[in-house]
Amino acid sequence: MKTKLIYIILAFLFFSPGLLSGQVISPSVEKFLDLEKNQYFADRDSAYTDPVYGLKKLIYGNRRFAEDKSINPRQTDQDLQNTEAGQAPFAIIIGCADSRVPNEIIFDQGVGDLFITRTAGQVMAEASFGTIEYAVEVLKTRLIVVLGHQSCGAVDAAMKLPANPPGHVVTLINSIKPASLRAKAQNLPDKEALDFAIKENVIEQVKMLRGLEPVLSRKFDREDVLIVGAVYDLHTGYVNFIEETITSLPGYSEKLASN
Ligand SMILES: [Zn+2]
């Protein structure tokens, strides 16, 4: 009986990397990003010029937040003055409007660091595309992160498909519907089905941006911009980047081999 219990505990720990390390990152992605254990800081200028390094900076910043080590960088009066003349954000975040996902706080970044568009379910339309293209073309930002989150109300609504959604909410639901239908086809319990749909929705949005003409598709293929997806865990405070949105990056294998 005791042995059986030990096996159950071991299996539980083994199959729940999130419970052991908090941040869920596979060894190959860790190698690709050149992530170091117990490292919390990355350089601001390098993050702006190199999007892979920028991703590392976001991961380290989020690690500070989730582990109660936030430093609230670049938020002093002096920082405001320094950015008055212009901005050079190192990442574009396309996130959900949910009040529990404040981007600068969860990534522990400051003024001038993140260029953000937020709508429920991070659903995008022409205005968001123009916003992202502006940051890429004019501000020369090279890292784009689509950020979904656990318990997303918009995705939940798309799963439940209410009969008469109010006003323009139907637009949001229709946009998330393909992901919710794929989640339903899995025949999972409600909570798992919602988690599946949340992840699928992000993957779908990443694919859409990677193929978006005329600016992003070309920049992505040329590796001028990096477009990845992540899901924020409301419980642990960690942002978990979706592995397949990283392993599918052009140049992934080459960079992995050289690291
Ligand atoms: Zn949401």
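Here, each number is a calculation from the coordinates, and none is a lab measurement. Values in this document were obtained by computation on a predicted structure and should not be read as measured data. Using ideal geometry, Cβ is built from the backbone for each residue, glycine included, and neighbour counts are taken over all protein chains shown.
What to note about this one:
- In the chain the longest region clear of trypsin sites (Lys or Arg not before Pro) that are loop-assigned by DSSP and have at most 16 other C-beta atoms within 10 Å covers 141-221.
- With both labels modelled 7 Å from their Cα along Cα-to-Cβ, the Ala185 to Glu244 distance reads 1.2 nm.
- Checking the cross-link pairs Lys69/Lys191; Lys31/Lys57; Lys69/Lys219 against a 24 Å limit on the alpha carbon distance flags Lys69/Lys191; Lys69/Lys219 as lying beyond it.
- Here the scattering of segment 112-157 is modelled by Debye summation over its C-alpha atoms, one equal scatterer each and no solvent; at q = 0.17, 0.30, 0.32 Å⁻¹ the log10 of I(q)/I(0) is -0.55, -1.17, -1.25.
- Based on C-alpha pairs under 8 angstrom that are at least 6 apart in sequence, segment 125-259 has a relative contact order of 28 percent.
- With N as its number of residues, the chain has a Cα radius of gyration that, divided by 2.2 N^0.38 Å, comes to 1.04.
- Membrane-span-like helices in the chain, defined purely by DSSP H runs whose alpha carbon atoms cover 15 Å or more axially and whose average Kyte-Doolittle hydropathy reaches -1.0, are 2-14, 51-66, 126-137, 169-184, 190-210.
- Stretchable slack from Arg118 to Asn72, in nm (0.36 nm times residue separation minus alpha-carbon distance): 14.4 nm
- Remark on Ser70: its backbone amide H falls under 5 Å from none of the residues 5 or more positions apart or on other chains, H modelled at 1.01 Å from N.
- Per residue, the convex hull spanned by the Cα atoms of segment 202-259 measures out at 93 cubic angstrom.
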